[in-house]
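One structure is given below, encoded as structure tokens.
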Amino acid sequence: MTASASLPADTRIAFIGGGNMASAIIGGLIRRGLPAAQIQVVEPFEASRASLAQQHGVHAQPAASDALASADLLVWAVKPQTFRDAAAPVAPYVGGALQLSVMAGIRADAIAAASGSARVVRCMPNTPALVGQGMTGLFAAPATTAADRALAEAVIATTGDFLWVEREKQLDAVTAVSGSGPAYVFYFLEAMQQAGARLGLSDEQARRLAIGTFLGGSALAKDSPEALSTLRERVTSKGGTTYAALTVLQDEGVAASLGRAIEAADRRAAELGDEFGR
């Protein structure tokens, strides 16, 4: 999905946390034309502050201040286990802002209670956002307006594609499928590279073949209206090389194992919500 709303030129955005995901969003915002002067960051680690200044020209502060009160949008980008400690010094200044969270597990009601704003959008991005190819799931709390949702879309669209879910619980499934999903892709790529090397290719040759195949297959799947099973069947001639490979995968129960892995990630996302998100 592509954002229908553009980012208003006078939007002021503050980030609590300046790590990789915050940096990805900041980079996207600046590429879309938002001046660095309209971006604030609270980041306690000096190395992260220096990186933001070098990469994006954004001068982060080590602690919260009343300057946060000017923000139209506040992005929560800290680790779930540090959220409550990070929120305490921020809360006095941000009750009038839309709250956009990229934290796993911290639920909308907990963000509202900690920030003083019931206007909360939770999102679950993934690491390809670092190169503008992210896939993000979003959920809007009931108090958010259409304008709030449009603003959240405009911000997240700077990192790639997105989709909305209707129920907050569905973000656990988003986490399991796409939030953790890049690791599944890298796992398969590693296995394909190693297998290619065993068959006589160089590591670099096998890596390029594996990555190029994932890129091409994903692009074909994205652009085709056909079911994934149909696309798979079209590559698979009975008795051919692909048939031989898929027979091994089926005999080894790879699809069932991947399904159980995603279900485990979904359960863990729920557990993190129970532990840190209330």
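The residues of the stretch 130-153 that are in a helix (DSSP H, G or I) and touching a Lys or Arg at 6+ places or on another chain (Cβ under 8 Å) amount to a single one, Asp148. Among the residues of the stretch 32-49, those identified as assigned to a helix (DSSP H, G or I) and either touching a Leu at 6+ places or on another chain (Cβ under 6 Å) or surrounded by 13 or more Cβ atoms within 10 Å (Cβ to Cβ) (or both) are Ala36, Gln38, Ser48, Arg49.
Only one of Ala244, Ala265 is more than 24 Å from Asp161 (Cα to Cα) and outside the structural domain of Ile106 (by TED's automatic domain parsing). Can you tell me which? Steps first, answer last, please.
On the way: Ala265 fails: more than 24 Å from Asp161 (Cα to Cα).
Unique residue meeting the criteria: Ala244.
For Ala261, the test of being assigned to a helix (DSSP H, G or I), surrounded by 12 or more Cβ atoms within 10 Å (Cβ to Cβ) and of a type in the set (Gly, Ala, Ser) is passed.
Filtering the stretch 159-217 down to residues that are of a type in the set (Ser, Thr, Tyr) and part of a helix (DSSP H, G or I), which residue is nearest to Gly134 (Cα to Cα)?
From the stretch 159-217, those of a type in the set (Ser, Thr, Tyr) are 159, 175, 178, 180, 184, 187, 202, 213; that's our starting set.
Still in the running and part of a helix (DSSP H, G or I): 159, 175, 178, 184, 187, 213.
Numbers: Thr159: 6, Thr175: 13, Ser178: 9, Tyr184: 15, Tyr187: 18, Thr213: 19 Å.
Within the stretch 159-217, the match that is nearest to Gly134 (Cα to Cα) is Thr159.
Just wondering, is there one or more residues in the stretch 233-240 that are over 28 Å from Ala140 (Cβ atoms), of a type outside the set (A, V, I, L, M, F, W, C) and part of a helix (DSSP H, G or I)? Taking every residue of the stretch 233-240 in turn, at least one turns out to be over 28 Å from Ala140 (Cβ atoms), of a type outside the set (A, V, I, L, M, F, W, C) and part of a helix (DSSP H, G or I).
Arg198 fulfils the conditions (1) surrounded by 12 or more Cβ atoms within 10 Å (Cβ to Cβ); (2) more than 26 Å from the chain's Cα centre (by Cα) except for a single criterion, (1).
The values are calculated or read from the model by the stated rules, or taken from the named source; none is laboratory data. In this text the structure is predicted, and so the values were computed from the model without any measurement. Every residue, glycine among them, receives a Cβ derived from its backbone with ideal geometry; neighbour counts consider all protein chains shown.
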